[in-house]
Structure formats: structure tokens, C-alpha cells
Amino acid sequence: MGVLNCDRVGCDNIMCDNISPTYGYLCSECKQELIAGGRQDIDTFMGRSPVEDRYSYVWEEEVKTEFTSRYDEDE
């Protein structure tokens, strides 16, 4: 069995489970970044190197901390 490298420029992830007949393999991290980035040109996305700050779980946690549910307040 061969290695299934992510076909996105600059991504070194292997054993990718996502495949497109047009773009090739895409790792889970890049797929999540593509989804999180909203509608965009896939050609451009695939030609741009991943950057951790584009979609950061740290940022996600900051947003969740800042905008809490009114139902989660202490009673």
C-alpha cells in the first residue's frame, strides 16, 4: 500500500482519506480549513500552503469564551 500524500501545496500530511477526481488527495486538516474558510476557489486553496493561523483552534476557543451561551450562565 502506498502513501496517500495530501495534494495541497505545502502540506506534508500523509494517509489522506479524502479524494477528488479533480484535485487528488486532501488531508482532514486541510479539508477542515477549506470548510471553515467559507466559499472560495478550490484551485486557489489547493495552490496555497496551509498556515496554522488561517483556522486556529485557539481562535475558536477565544470566540467561544467571548461569546458564551446565555443558557450556560451560573444559576
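Coordinate-derived values only; no laboratory data. The shown structure was predicted, so the numbers you read here are calculated from the model rather than taken from an experiment.
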field: Karplus (6.51, -1.76, 1.60) ³J(HN,Hα), θ = phi - 60°, over segment 36-42, in Hz, Gly and Pro reported as x
entry: 5, x, x, 4, 7, 6, 5
- request: Would you please give the residues with an amide H less than 5 Å from that of ARG48, counting only those at least 5 places away or on a separate chain, with H modeled from the backbone geometry?
  value: VAL9
message: Quick query: amide H of LEU4 versus all other amide H atoms, modeled in the peptide plane; which residues come in under 5 Å with a sequence gap of 5 or more or a different chain?
response: MET15, CYS16
